[in-house]
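Since the structure comes first, as C-alpha cells, the remarks are kept for the end.
Every read-out reported here was derived from the displayed coordinates using simple, explicitly stated rules and does not represent laboratory data. Quick caveat, the model's predicted, so the values are computed rather than measured. Quick reminder, even Gly has a Cβ in these numbers, built from the backbone with ideal geometry, and neighbours come from all protein chains shown.
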Amino acid sequence: MPRFEPQPTDLTAPFWDATRDRRYLLQWCRRCDAAVYYPRECCPACLGEDLEWREAAGSGEVYSFNVMHKPGSPFMADAVPYVVALVDLPEGARVITNVVGCDPVDVRVGLPVTLDWEPLSDGRHLAVFRPS
C-alpha cells in the first residue's frame, strides 16, 4: 500500500507548495512574534489573525517519541517499527513528525535531529527528521 499523502487545503497550501523546493515553513504571528504550528487561522498565543509564513532552520531536538510496532494506519504497515516524535524547533514550535535514518532503539529524548524529506507522488515532500 502506498504512503498516505496529505491533501493541502487553502490554509496549508503555502506549506505544501514550499515542500516542492524542500523548504520547511512555519506560520508566525506578526502581533506577538510566536511560531504557530500546526497551520491555523489565528495565533493560539494571542488570537491575532495577522499570520505569515517564514522558513524554519531545519533542526531540532526530540522532546518525546513513541516506537510504533503496530501501524497506526494501514498506509504504514510496511514501515514498522517506525518512530513518531514530538520535535522542538529552535523557532519555538513543537512539531509532530517521524524520526528516520536510525534504528528506533537509538532514538532518545534530547536527540538532536535535522530536517530531511520523503518524496510524495506529486512532487511535494513530507518533512521528517533524522539524527544530526
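What does a probe at residue 114 reach in the range 40-79, counting residues whose amide N is under 16 Å from the point 7 Å along Cα→Cβ?
57-62
Report the calculated FRET efficiency for residue 80 and residue 21 (r = Cβ-Cβ distance, R0 = 22 Å), to the nearest 0.05.
0.10
Which ³J(HN,Hα) values, rounded to whole Hz and listed in residue order, are derived for the range 12-21 from phi using the Karplus coefficients 6.51, -1.76 and 1.60 in 6.51 cos²θ - 1.76 cosθ + 1.60 with θ = phi - 60°, glycine and proline given as x?
Ordered by residue, 3J(HN,Hα) equals 8, 3, x, 4, 5, 4, 5, 5, 4, 9 Hz.
Which length gain, in nm to one decimal place, applies between residue 66 and residue 5 when the Cα-Cα distance is subtracted from 0.36 nm times their residue separation?
Residue separation times 0.36 nm, minus the Cα-Cα distance, leaves 19.8 nm.
The range 1-96: percent of C-alpha pairs farther apart than 21 Å?
45 percent
Would you mind checking which residues have amide H under 5 Å from residue 120's amide H? H placed 1.01 Å from N; only 5 or more apart, or other chain.
Excluding prolines and chain starts, which carry no amide H, the hits are 125, 126.
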